[in-house]
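Participant: Before we start, here is the structure in question, set down as structure tokens.
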Amino acid sequence: MLSHVFLILPWACETRSPDGAVWWLKLVMFSPARVVWAGHEAVLFFFMLSGFVLALLFFGKEEAPPFRLYLVKRFLRIYPPYLVAALSAIALREVFYKGPVPAVSSWFNQSWQSPVTPGVIAEHLLMIGSFKNCDFNPVLWSLVHEMRISIIFPLIVWALVKHERICLVLPIVFTFVYWLTSTLKFHGVIDFEHDYFATLNYSGLFIVGAYLAKNRRQIISVIHQIPRIFKWGLLIGAMLAYTNAFWLPYYGPPRVGMIAVVLNKFWVQDWIAAAGVLVFISLAISSGAMSVVLAAKPLQFLGSISYSLYLFHALVFKVVVTTLGQTMPMIAALGIGVVVSLLVATVSWRYIEVPVIHLGKVITKRWYQKRAGDVERAENRVSSNQ
């Protein structure tokens, strides 16, 4: 959300390097302080954390769910809130869009320009197909990848169980394939308009997250043996890695030659940031101090509404900036957008997410009760035959 607040402002969206920028702009945009509003990196965090949490279903204390039960629960967790957000985006576009808004960034104005057609609605309803998923709500692209990878996630778990070492090489292979296809497309050697290779690339983050979940006890044991000062060093190093794209190419190694060329590759920057995410998660599950911080009620509340906040905040800003952005200072309009986003997310969490989460729990409970009943009847038949 904070990333999109900044991206609405032209000075933040359209400043490409720190060259010639004033000191405060360099601090806000081209330093590790960007950790507060690094939007793309937050999506990488989201993918790896998804892999970690989903893997706990299979590597936790309880029995792993069967595929069909897992898929039903995952569908219920992602799709109903997504559907409301997707249809709301299309409806709000029809009501409020009157053309580009002056005095804001090109990023803000690039959405809502496409017309609404039956095909567009059908593509959004299907969700997992390859379509222009940023035309009406610019956050939906990541949920499309999330749902696709969720469907095949049990296969990732199986690979980790059977061939862990080989599985850990797959993220590198997937990223190479993604880079290769993107490069060939850029040079006109191949022609495709789908984003399935991007899904392949992001599935590598799910693999790393699942690996962390599978080996979490060993990771916790190792980190517990590290002196506190080194843990602080790890945390600082993780923040530097997480924000590498915003400072390393400019202030790090020489800005000429092969090093600079490598550091400016998006896939290199993504995996350096992913290394930071890996440390964040490892420290979060291992540090008592960090657990206390993360257990604070305000953060727990933000955690509860985070999915709805992610889904609806961009729509709130589209409406607020479109209707109020030309009648009041932009900073005031964005402040209103933040408050309204939190309120809308709270309502969505309470009346959309909580009911479908409860439905998933009911389905799970009934499935296990039915299975227990089937097992008991089978045992009774065996006893009767004996």
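Participant: Quick query: amide H of W112 versus all other amide H atoms, modeled in the peptide plane; which residues come in under 5 Å with a sequence gap of 5 or more or a different chain?
Facilitator: Hits under the 5 Å cutoff: F136.
Participant: Determine the equivalent ellipsoid of the range 12-130 by diagonalising the alpha-carbon gyration tensor, then write out the semi-axes as square roots of 5 times the eigenvalues, largest first, rounded to whole Å.
Facilitator: Ellipsoid half-lengths, sorted descending, are 35, 27, 9 Å.
Participant: Diagonalise the Cα gyration tensor of the range 207-310 and give the resulting equivalent ellipsoid semi-axes, square root of 5 times each eigenvalue, largest first, whole Å.
Facilitator: Those come to 28, 18, 14 Å.
Participant: I need the shape label for the range 104-150. Rule: rounded when a/c is under 1.5, else prolate if a/b > b/c, else oblate, with a, b, c from the alpha carbon gyration tensor.
Facilitator: Oblate, because a/c is 1.5 or more while a/b does not exceed b/c.
Participant: Please report, in whole Å, how far the alpha carbons of the range 305-372 spread along each principal axis, starting with the longest.
Facilitator: Here the Cα extents, ordered largest to smallest, are 63, 14, 13 Å.
Participant: Relative contact order (percent) for the chain, with alpha-carbon contacts under 8 angstrom and 6 or more residues of separation?
Facilitator: Relative contact order for the chain comes out at 24 percent.
Participant: If you plug each phi of the range 91-100 into the Karplus form 6.51 cos²θ - 1.76 cosθ + 1.60 with θ = phi - 60°, what whole-Hz ³J(HN,Hα) values come out, in order, with x for Gly and Pro?
Facilitator: Computed from phi, the couplings for the range 91-100 are 5, 5, 4, 5, 7, 9, 6, 10, x, x Hz.
Participant: I would also like to ask the following. Any idea what the relative contact order of the range 259-380 is, in percent, if you count C-alpha pairs under 8 Å spaced at least 6 apart?
Facilitator: 21
Participant: Any idea what diffusion coefficient the range 179-230 gets from Stokes-Einstein, in µm²/s, Kirkwood Rh on alpha carbon pairs, 37 °C, 0.692 mPa s?
Facilitator: The estimated diffusion coefficient comes to 231 µm²/s.
Participant: When the dipole is taken about the Cα centre of the chain, and only Lys, Arg (+1) and Asp, Glu (-1) are charged at their Cβ, what size is it in debye, to the nearest 20?
Facilitator: Dipole about the Cα centre, nearest 20: 980 debye.
Participant: Quick one: E62, E41, E123, fewest Cβ neighbours within 10 Å first, how do they rank?
Facilitator: E62, E123, E41
Participant: Report ³J(HN,Hα) in whole Hz for each residue of the range 264-276, in order, from the Karplus equation J = 6.51 cos²θ - 1.76 cosθ + 1.60 where θ = phi - 60°; Gly and Pro get x.
Facilitator: Values per residue, Gly and Pro as x: 8, 7, 4, 6, 5, 4, 4, 6, 5, 4, 4, 4, x Hz.
Participant: If you average the C-alpha positions of the range 171-228 and of the range 100-144 separately, how far apart do those two centres end up, in angstrom?
Facilitator: So the separation of the two Cα centres works out to 25 Å.
Participant: What are the equivalent ellipsoid semi-axes of the chain, built from the alpha-carbon gyration tensor (square roots of five times its eigenvalues), in whole angstrom, biggest first?
Facilitator: Taking √(5λ) for each Cα gyration eigenvalue gives 37, 29, 22 Å.
Participant: Based on the alpha-carbon gyration tensor of the range 131-274 and its eigenvalue square roots a ≥ b ≥ c, which shape applies: rounded if a/c is under 1.5, prolate if not and a/b is larger than b/c, or oblate?
Facilitator: oblate
Values quoted throughout were computed directly from the atomic coordinates according to the rules given, and no laboratory measurement underlies them. Keep in mind that what you see is a predicted model, and the values were worked out from it rather than measured. Positions of Cβ are generated from backbone atoms using ideal geometry, with glycine treated the same way; all protein chains shown enter the neighbour counts.
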